[in-house]
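Visitor: Can you read through this structure? Questions will come right after.
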Amino acid sequence: MSDSPFGVDPPARPELRRSLSVLDGVAVAASSTAATTSIGIGLGVTAGVVGLHLPAIMLLAFLPVLGIAGAFSRLNRVEPNAGNGYVWVGRSLSPWLGFTVGWVNIVASVAFLAYTTAVTGSALLQLAGDAGVHRVGSLALDPGSTAQTTLVGIVVLVAVTLTAVTGVRTAARLQTWLLVFEYAVLLGFCAYGIVTGPHPFRLSWFDPFAIPSASALAQGLLLSVFCYWGFEAAFTVNEEVRDPRDASRAGLITLVTMLGLFLLGSVAFQRVLSEPELAGHGAEGLAYFGDRLAAQPLAALPLVALMFSAVASLQAGVIPTARGMFAMSRDRTLGPVWSRISPRYGTPAAGTLLIGALATVVAVLALVIPRLADMIMATVNAVGIVVALSYALTALAAAARFRSLLREDFRQGVRAVVLPALSAVALLGLGGYLGWSFYTSADHFEVSADNGWFLLLMPLAMILSGVLAAAWAKWVRGSAYFRTGEGTDADSPQLLTTSN
């Protein structure tokens, strides 16, 4: 007689190899967050929305993200799983919502990889220009061309995907050295910019009430949430760290570090660059910042740091996405190829290669947007909305799972239930408001980064495709995930309090 409640014994659960330390987890999460890329590109995009209030918007966005991080940490302590939000939301709220979280994280990550592929290519072409290489044969090299930057970036994407196949430990070691260089350059140039910048420091930079409009505030907050996005990559390798609590430590360490770097970078950029300069240089913002502070070859160092950051975030983006799909495949909500473990490396090698291939396809499809700056704006807005949805549902899962703590230990209950719930409501409200503002800002559809209907279509397509994929998993694959969404040993709040 089978022990399974469904009459058949499940196949052996694929296991990942545990070999990572807290430092390895921080390297993966920090590379996925990509502070240098976010500062070099994201600050310019955000300044185009909120003006000279970057420090204010970065601080304000940190508050709900901190609540989300607390939810991730507590859920991870009681149930470490490579699928994290997909598993936690599925068991605490609804399998359909859990699948949606897993799905939107996958499609958002693939979109991010496509965007970062182009950013990497742009950084390499800018470096080539600084080295005096402006043409290849009859072709003039253009760092602002989506076609050229994507082609160069795809070559790098292939290389980092192959490296990721060999294991997280190998990737983490590479990323650690890249991060050391990035942060040294970033801290040096930003500190120098704060001291020598021609524009006076103003306290109004930290005043969120001075942001031009409510829609600008909402869009700026979601763009800033996008900048913080990636700290949870530490939780996708929680089955590969020696102690699952190390994943929680790595995620929180990364998030606080990002806050410090974003505040430093935003103040430095506003001390050195005017508002039109901030908003007008897009993917070339960090290179322009370096040129204003130093002569060549020192001015090229921020650009090299941007290239390293983009390469590291490409690799770090492949790794958590493959782990999320591994967890979903283990539950038969995705095909079996995603949970095949390489006997040599102990990693989901086939899934990792497929993620790289999917990102390549999406990067090629993104060529319908010819200007790199427009492609970045469209991608960041779409990913910001779906990331806010994913974070909010995970926080609500934590609030639901630990709600009994409000009766048993009020102080713990506030931290485990109230703060995540407030963070979730804030992010859902922001995403809904921004979606509505996109809808009302246009009266026709056009494939353009300044067309509201196009900007709204992208996140809606990501979410609705997840509903179709969930229906296929439930009724065609017959996944038990949709029958076991409720009830888990981790529902006991004692597990939370004893692990503190």
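Visitor: With contacts defined as alpha carbon pairs under 8 Å and 6 or more residues apart, what's the relative contact order of segment 49-182 in percent?
Guide: Here the relative contact order equals 15 percent.
Visitor: Tell me the net charge near residue 337. Cut-off is 14 Å between Cβ atoms, residue 337 excluded, with +1 for each Lys or Arg and -1 for each Asp or Glu.
Guide: Combined, the nearby Lys, Arg, Asp and Glu give +4.
Visitor: Given the rule -39500 (n - 2.57) for each run of at least 4 DSSP H residues, summed and divided by the residues of the chain, what is its mean residue ellipticity at 222 nm, to the nearest 500 deg cm²/dmol?
Guide: Helix contribution divided over all residues of the chain: -22500 deg cm²/dmol.
Visitor: Then there's this: How large is the Kirkwood hydrodynamic radius of segment 272-389, counting all unique pairs of alpha carbons, in Å?
Guide: Evaluated over segment 272-389, this radius sits at 17.2 Å.
Visitor: What's the angle, to the nearest 10 degrees (0 to 90), between helix 168-196's Cα axis and the longest principal axis of the chain?
Guide: 40 degrees
Visitor: Can you give the Kirkwood hydrodynamic radius for segment 71-188, in Å, rounded to one decimal and based on Cα pairs?
Guide: Values: mean 1/r = 0.0573 Å⁻¹.
When all Cα pairs of segment 71-188 are included, the Kirkwood radius is 17.4 Å.
Visitor: Compute the acute angle (0 to 90°) between the alpha-carbon long axis of helix 244-272 and the principal axis of greatest extent of the alpha-carbon atoms of the chain; round to the nearest 10°.
Guide: So the inclination is approximately 20 degrees.
Visitor: Here is a further query. If I compute solvent accessible area with a 1.4 Å probe over the protein chains, what percent of it on the chain is carbon and sulfur?
Guide: On the way: 12860 of 19440 Å².
Result for the chain: 66 percent of the exposed heavy-atom area is carbon or sulfur.
Visitor: For segment 257-327, what class follows from the C-alpha gyration tensor (a ≥ b ≥ c being the square roots of its eigenvalues): rounded when a/c is under 1.5, otherwise prolate if a/b is larger than b/c, else oblate? Display every interim value, and only then the final one.
Guide: On the way: a/c = 2.62, a/b = 1.94, b/c = 1.35.
The shape class here is prolate.
Visitor: Residue 476: net charge of surrounding residues, Cβ under 15 Å, Lys/Arg +1, Asp/Glu -1, itself excluded?
Guide: Residues near residue 476 contribute +3 overall.
Visitor: Sticking with this one: Leaving ligands, DNA and RNA out of it, rank 458, 258 by accessible area with a 1.4 Å probe, largest first.
Guide: Order by accessible area, largest first: 458, 258.
Visitor: With N residues in segment 60-117, what two-decimal value do you get for its Cα radius of gyration over 2.2 N^0.38 Å?
Guide: Numbers: Rg = 13.0 Å, N = 58, 2.2 N^0.38 = 10.3 Å.
Against the compact-globule rule of thumb, the ratio is 1.26.
Visitor: Between residue 294 and residue 445, what is 0.36 nm times their sequence separation minus the Cα-Cα distance? Round to one decimal in nm.
Guide: Result: 49.9 nm gained on full extension.
Visitor: Evaluate the Kirkwood expression for the hydrodynamic radius of segment 352-481, namely the inverse of the mean inverse distance over all pairs of different C-alpha atoms, and round to one decimal in Å.
Guide: It is 17.4 Å.
Visitor: OK, next. Using heavy-atom solvent-accessible surface (probe 1.4 Å) with all chains present, what is the largest-first order of 482, 206? Don't skip to the answer; put the middle values down first.
Guide: Working: 482 20, 206 75 Å².
The most accessible residue leads, giving 206, 482.
Visitor: What do you get for the angle between helix 95-130 and the principal long axis of the chain? Use alpha-carbon atoms, 0 to 90 degrees, nearest ten.
Guide: 30 degrees
Visitor: Length gain on complete extension for the stretch residue 464 to residue 184, per 0.36 nm per residue less the alpha carbon to alpha carbon distance?
Guide: Here the answer is 96.6 nm.
Visitor: Let me ask something else about it. On average, how much accessible surface per residue is there in the chain, in Å², for a 1.4 Å probe, leaving out ligands, DNA and RNA?
Guide: 39 Å²
Visitor: Take residue 404 and residue 209, extend 7 Å from each Cα along the Cα→Cβ direction, and tell me the distance between the two endpoints in nm.
Guide: So the label points at residue 404 and residue 209 sit 4.4 nm apart.
Visitor: How high is the relative contact order of the chain, in percent, counting Cα pairs under 8 Å that sit 6 or more residues apart? Mind dumping the intermediate values first?
Guide: Numbers: 887 pairs, mean separation 153.5, N = 500.
It comes to 31 percent, rounded to a whole number.
Visitor: OK, next. Stretch residue 159-residue 177 to full length: gain in nm at 0.36 nm per residue minus the Cα-Cα span?
Guide: Values: separation 18, 0.36 × 18 = 6.48 nm, distance 1.72 nm.
Contour length minus the Cα-Cα distance gives 4.8 nm.
The values are calculated or read from the model by the stated rules, or taken from the named source; none is laboratory data. All values derive from a computational prediction rather than experimental measurement. All Cβ positions, glycine included, derive from the backbone under ideal geometry; neighbour counts span all protein chains shown. Heavy atoms of the whole protein, side chains included, go into the accessibility calculation; ligands, DNA and RNA do not. Shrake-Rupley method; radii C 1.70, N 1.55, O 1.52, S 1.80 Å.
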